[in-house]
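The values are calculated or read from the model by the stated rules, or taken from the named source; none is laboratory data. Small disclaimer: the values here were computed from a predicted structure and weren't measured. Glycine gets a Cβ as well: all are built from the backbone with ideal geometry, and neighbour counts include every protein chain shown. Remember, those area values only see protein heavy atoms, side chains included, never the ligands or the DNA or RNA. Shrake-Rupley method; radii C 1.70, N 1.55, O 1.52, S 1.80 Å.
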Amino acid sequence: MAARPATPASPKTNYKVKAPQPGQPIYGCEHLQRLFNQDQATTNTSIQHYKAILRSIYDTTPLLSQTAKAIDGQIVTSLTPTYLCLQCPSTLTEDDRTKHGSKKSHRFYVDSRSGALYCQMCDDIVWDPTFEELRLKKVGTGTFTTRKRKHEELFEASDPVRDNPTYIPFNTTAASCKANGLRGIYNAGATCYQNVVLQSFLHNPILRNFYLSDGHSSSNCDTPHCLSCAMDDMFQDFYALENTNGYTAANILSGFWISEKKAFENLVTTKEQDAHEFFQFLAEELHERNGDGKKPETGSEHSCNCIIHQTFYGKLQSNTTCQSCGGVTDQVQSFLDLSLPLENLSHKKGRKGTARPGGSLTLQECLDEEYVKSDKCEYRCHSCGSMQQARRQTSIKRLPNVLSIQLKRFEYKQGRNERAAKIDTPVQFPLQLSMLPYTNRARGQDVRESYELARSCTYDLLSVVVHVGEIDTGHYVSYCRVGDQWFAFNDHKVELAQKSDVLNSRAYLLFYVVRSLS
């Protein structure tokens, strides 16, 4: 925001609260009533300070949406409103507002986006006739009077354009649309695992273009409690409304609550769930609403032209070679995402003495283990007519437009004390990822002479889902890229993020978008 207004000196004017109107309260709440009834000096200072705050909000255009200095002195930039203390020159985030109130006994704050007054003791925005009249005047006329400013009053007497009445209309640029999808989503009770997946969908350019071009229009759909309709409504709210306040994904939640499918039963509880499972459930439901209505079968080469298949689905090819007769069996199956184990690879590198300090892995090492190296297996060879030792190698036959990767951080430990455990192994992942080494198209070709092939396999990081804390009491946050800028999403809170914040996170889910959609 602009420079924070200093606490004004004692004003010469004695202000009065607005005269009572029929059917309206005199004060916004009992706490404001006590503030105004202390003495005339307190009333004067409060109103004068509120006017100074409104000037700082409406008379300047901030380069960054909301900026505040935290209690520890660090500068914090957020897309959600900050709060300007009515009783001192402090600008605070929502988290620091309570601490400031407890320390200073200051109870009234002004929302930096709307100018509305917040009472900490009521824990709510309060509508006060005196303050609201000032706010509406400032919004409507730019001043605290009801008279509109004349053209000549907008310029200094020496300004040559003062006498040119066409200067303003010819030099006015319409404000660019602020509806860029940067909104948080309220936590409806342990629903952070849903919020992070929804944010990754909202910032997926293919899904965004589909829903904003009426790919599935909720106004033309007769399916009751349709999740695709709920997604359509959410995309419209995020990209058609200039609103950065938190969003309540009530229609998404009710779609799962009302669903009769067994797979959704876990999602209706108030307990923390797995974000990866929710991603799979949501993708499956959207496929059924927009595609052929058939449930994708695990291990099959399912083909569908719906938006979910066009966006997320690829194909894997497994080649199994019999060690006895040399016969090769090929199998192709569709995949929604790639799941990469961490624990076995980490132990393997530890035994070989090739582990890095801190035991970190790279995403490329995890991919190599699954889609470059072959492994031993047993299978029934049709040529030999019996079970034989074999080697199986899996590669990617067709890459999706948006590549979804799960780093398997949750493992179920079997034994006397069966339990789920979280794997905190750091995994380094790049902003740009080449998937060419993991495709069957790369084999037998000179990659250096196949520029177009390499380009079609190059991906850019789009969003990251992170699980923070313990397995039973943790929390999900996410990072999404909008243009070249990264943002951190923590339920309804949205903040600017640095690339280093993204790359240093303990990723659980990674979403990469292909650089060339050809």
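Figures for the structure shown
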item	result
Dipole of the range 78-143, positive end: most advanced residue of T98, C88, Y118 [Cβ charges, Cα centre]	C88
Amide H partners (placed H, <5 Å) of T82, local residues excluded	S112, R113
For the range 195-260: rounded, prolate or oblate by the Cα gyration tensor [a/c cutoff 1.5]	oblate
Shape category assigned to the range 179-226 from the gyration tensor of Cα positions, a/c cut at 1.5	oblate
S478, S339, ranked by accessible area, largest first (probe 1.4 Å)	S339, S478
Neighbourhood net charge (10 Å Cβ-Cβ; Lys/Arg +1, Asp/Glu -1) for D375	+2
Hz values of 3J(HN,Hα) by residue in the range 273-285 - Karplus curve (6.51, -1.76, 1.60), Gly and Pro given as x	10, 8, 5, 5, 5, 5, 4, 5, 4, 5, 4, 4, 5
